[in-house]
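What follows is a short report on a single structure.
The values are calculated or read from the model by the stated rules, or taken from the named source; none is laboratory data. On a predicted model such as this, the values are computed, not experimentally measured, just so you know. All Cβ positions, glycine included, derive from the backbone under ideal geometry; neighbour counts span all protein chains shown.
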Amino acid sequence: MTKRILILATDGFEQSELLGPKKALEEAGFETVVASIESGSIKGWKDKNWGDSVRVDITIDEVSAEDYDALLLPGGQMNPDILRMNDDAIDLINDFDDAGKPIAAICHAPWLMAEADILDGRTVTSWPSIRTDLANAGADVVDEEVVVDGNFITSRMPDDIPAFSAALIAALAD
């Protein structure tokens with residue numbers, strides 16, 4: 001059976017951080033499903049302006065972590081800031097963590113992991129501006145292209161997408 005990866009995002013996601021890993025996962029033979037707060041489509045952010053829209057496959061309130069093999073959290077500044085205020089999104093992240101399933105977060109997306117209170121004692125990386133927030137949540141924060149700590153996979157920025165995607169694919173192959 002094909003492994004399924006849930007991509008949790010909303011308007012303002014960093015376009016490359018959703019589309020790049022999504023493409024890599026699909027090319028590796030995995031199924032991706034985009035979940036958001038509302039149905040329809042969500043708009044990306046690219047080069048300091050609005051980018052392309054992506055179709056939403058399912059809303060967060062319809063999702064169960066048990067139906068997926070991993071969770072992908074793209075960054076962008078707006079996307080995780082909006083999602084961290086949504087209880088269903090935070091509960092979903094906790095459900096993936098409780099199940100020990102891979103949670104891959106890039107750029108500003110580890111903010112969501114801080115909000116879910118799952119970072120204590122874990123090693124992660126992120127976009128520089130949120131590293132203090134992650135450290136305050138108990139994480140050991142490093143500046144590396146990709147960090148794998150148990151079921152957590154984190155990266156810093158769009159330049160890290162190839163390594164980030166490869167680490168998630170490797171975790172799914174295990």
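Things worth noting here:
- Complete set of residues in segment 118-130 that are of a type outside the set (S, T, N, Q) and either without any contact (Cβ under 8 Å) to a residue 12 or more places away in the chain or under 16 Å from Pro102 (Cα atoms) (or both): Ile118, Leu119, Arg122, Val124
- Qualifying residue in segment 52-59 (condition: in a loop (DSSP other than H, G, I, E, B), at pLDDT 95 or above and not charged (D, E, K, R)): yes
- When segment 66-80 is filtered for residues that are under 20 Å from Ala137 (Cβ atoms) and free of Cβ contacts under 8 Å to residues at least 40 places away in the same chain, only Pro80 remains.
- Selection from segment 72-92 of residues that are buried (at least 24 other Cβ atoms within 10 Å of the Cβ) and either touching a His at 6+ places or on another chain (Cβ under 8 Å) or farther than 18 Å from Asp160 by Cα (or both): Gly75, Gly76, Asn79, Pro80, Leu83, Ala89, Leu92
- Taken together, the residues in segment 146-174 that are assigned to a loop (DSSP other than H, G, I, E, B) and buried (at least 16 other Cβ atoms within 10 Å of the Cβ) amount to 3.
- Screening Glu31 on (1) closer than 24 Å to Asp149 by Cβ; (2) of a type in the set (D, E, K, R); (3) surrounded by fewer than 16 Cβ atoms within 10 Å (Cβ to Cβ); (4) in contact with a Lys or Arg (Cβ under 9 Å, 6 or more places away or on another chain) shows it passes everything except condition (1).
- Those residues of segment 95-118 which are surrounded by 17 or more Cβ atoms within 10 Å (Cβ to Cβ), of a type outside the set (A, V, I, L, M) and not in a loop (DSSP other than H, G, I, E, B), in sequence order: Asp95, Phe96, Asp97, Pro110, Trp111, Glu115
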